Amino acid sequence: MFSAARAHEHPALRRVSLSPRIAAANRWLRAGRLPCHPTQMAGVGNPGPYRRGALLRPALPALRRLRRLARPGPRLRAFDPASTLELPSHPTPAAACPAIDAHTHLGRWLTPDSSWMAPDVGALLALMDASNLVALVNLDGRWGAELDENLQRYDHAHPDRFYTFCHLDWSLLDTTGGSGALVQSLERSAQQGARGLKVWKDLGLSVTAGGRRILPDDPALHPVWEAAGSLGIPVLVHTADPVAFFQPVGVRNERVEELTAHPSISLANEGVGMLGRLLDSFEAMVANHPGTTFIGAHVGCHVENLAAVSALLDRYANLYVDISGRAPELGRQPRAAARLIAAHPDRVLFGTDQLPIRADDYGVYFRLLETDDEYFSYAPGRTPPPHGRWQISGLALDGAILEQVYATNARRILRIAP
Ligand SMILES: [Zn+2]
């Protein structure tokens, strides 16, 4: 069961991370509007402590000058420290053994203009060859004609290199067919050639039916999860989001810069209690359908608590996790991460979740999994790093475990011949 981890109190962080908040407030001041909580900029509510800024507005220029006098030096947003550690470095441009990326986005539904996420399939295949990637799982199949387009462009045009998953149109829940219509859609997609079902975080956060919010373990969805089991296709589920997204956007939030730069991703208005409900609902779904294979995306959707993820893997033989999007998190707890994988080498899938795919990002994942390099960037060339100002260290997994994580486990779930 979920328990919210307490953030560490750190006086230095409290001091330096004021900058992005003040920058956001300044932007609002310049626009002649009342400063408020950054998450209000995207209309997601959660009024915060920034209202008091309205009273301070006339005095702000003088206060800023005073602050600079009291605390001279660069502000956090310009902070770009060069490490002085002299450490071994092992760039890893290709995987040590043939790899399957079980979490990629190659379709059209996530691009702003509905163009293909991978516009040049030939260039993508060349990148795959150079990186020792034998296949990619494309999670963007959607359904109907869009699924066919994805299958034609990837799976059928390049057999054994791409495996496309479908989605479900949750609005069917509100039609007379309800759950039955979803099951029919899933069966049709499997007949068309979908190799799995992808479930996104909108289930649990924004999907409603009959005026109520639908969580993953909602009884209306039981027939769907059972159908996936009968069809023999895995269900890859992204529930909730990082813990910090559910916390207030402030000096105690370790991702305050990311949340200030992208206010719409904050789920602070949901609260950490809702995160617990979503994770409990995810577990109930897995528990209620032992004949269905579930893949918990992003390290079981709870990378902040690897002990909890490990316990879930112990309890449910039908659960797998992918490591996509979580290199920064795994690499800042390398010993716990290596222990989790060593304890469940047959249940962890390699995946990256890049939008769009870049060779450099693969290099970070390979270096993370294969080397014992310490204190390196999870986002080379990007300042500030997108998720938080920390560095990562490698897990140094041994060869037999790497083979399982890179490909054997995915082959088993996807029923691909070795
Ligand atoms: Zn994804």
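The values are calculated or read from the model by the stated rules, or taken from the named source; none is laboratory data. All values derive from a computational prediction rather than experimental measurement. A quick note on method: Cβ atoms are made from the backbone with ideal geometry, for glycine too, and the neighbour counts reach across all protein chains shown.
Please give the number of the condition residue 225 fails out of (1) over 28 Å from residue 131 (Cα atoms); (2) exposed (fewer than 15 other Cβ atoms within 10 Å of the Cβ).
(2)
Can you tell me which residues in the stretch 86-119 are within 16 Å of the ligand (Cβ to nearest atom) and among the charged types (D, E, K, R)?
101, 108
Looking at the stretch 206-217, which of its residues are outside any strand (DSSP E or B) and either touching a residue at least 12 places away in the same chain (Cβ under 8 Å) or closer than 21 Å to residue 140 by Cβ (or both)?
Listed by number, the residues that qualify are 206, 207, 210, 214, 215, 216, 217.
What are the residues in the stretch 155-167 that are within 25 Å of the chain's Cα centre (by Cα) and either surrounded by fewer than 22 Cβ atoms within 10 Å (Cβ to Cβ) or away from the ligand (no atom under 16 Å from the Cβ) (or both), if any?
Matches in the stretch 155-167: 155, 161.
In the stretch 376-395, what residues are loosely packed, with under 15 Cβ neighbours inside 10 Å and within 16 Å of residue 334 (Cβ to Cβ)?
If the condition is that a residue be loosely packed, with under 15 Cβ neighbours inside 10 Å and within 16 Å of residue 334 (Cβ to Cβ), then 390 is the only one that fits.
Going through 267, 313 one at a time, which residue ends up being away from the ligand (no atom under 16 Å from the Cβ) and without any contact (Cβ under 8 Å) to a residue 60 or more places away in the chain?
Within the list 267, 313, the selection yields 313.
Of the conditions (1) away from the ligand (no atom under 16 Å from the Cβ); (2) touching a residue at least 60 places away in the same chain (Cβ under 8 Å); (3) surrounded by fewer than 20 Cβ atoms within 10 Å (Cβ to Cβ), residue 356 fails just one. Which one is it?
Of everything listed in (1) away from the ligand (no atom under 16 Å from the Cβ); (2) touching a residue at least 60 places away in the same chain (Cβ under 8 Å); (3) surrounded by fewer than 20 Cβ atoms within 10 Å (Cβ to Cβ), residue 356 misses just condition (1).
Among the numbered conditions (1) closer than 20 Å to residue 215 by Cα; (2) crowded, with 16+ Cβ neighbours inside 10 Å, tell me where residue 146 comes up short.
Condition (1) is where residue 146 drops out.
Cβ-Cβ under 6 Å, sequence separation 6+ or interchain: first residue in the stretch 280-298 and touching a residue at least 40 places away in the same chain (Cβ under 8 Å) and outside the structural domain of residue 228 (by TED's automatic domain parsing), partner in a loop (DSSP other than H, G, I, E, B) and within 16 Å of the ligand (Cβ to nearest atom). Which pairs?
Close Cβ pairs (under 6 Å, with a partner that is in a loop (DSSP other than H, G, I, E, B) and within 16 Å of the ligand (Cβ to nearest atom)) do not exist here.
Which residues, taken from the stretch 217-245, are within 16 Å of the ligand (Cβ to nearest atom), of a type outside the set (A, V, I, L, M, F, W, C) and over 16 Å from residue 187 (Cβ atoms)?
Within the stretch 217-245, 238, 239, 241, 242 qualify.
Please verify whether the stretch 277-294 includes one or more residues that are away from the ligand (no atom under 16 Å from the Cβ) and over 21 Å from residue 234 (Cα atoms).
Yes; the residues of the stretch 277-294 include at least one that is away from the ligand (no atom under 16 Å from the Cβ) and over 21 Å from residue 234 (Cα atoms).
Looking at the stretch 106-132, I want the residues that are on the phi > 0 side of the Ramachandran plot and have a partner that is part of a helix (DSSP H, G or I) and crowded, with 16+ Cβ neighbours inside 10 Å with Cβ atoms under 9 Å, at least 6 apart or on another chain. Which pairs are those?
Within 9 Å, the pairs are 132/366; 132/406.
I'd like to check something: does the stretch 394-414 contain any residue that is part of a loop (DSSP other than H, G, I, E, B), free of Cβ contacts under 8 Å to residues at least 40 places away in the same chain and of a type outside the set (Asp, Glu)?
no
Just checking, which of 339, 335, 326, 367 is among the charged types (D, E, K, R), more than 16 Å from the ligand (Cβ to nearest atom) and either within 24 Å of residue 225 (Cβ to Cβ) or surrounded by 17 or more Cβ atoms within 10 Å (Cβ to Cβ) (or both)?
367
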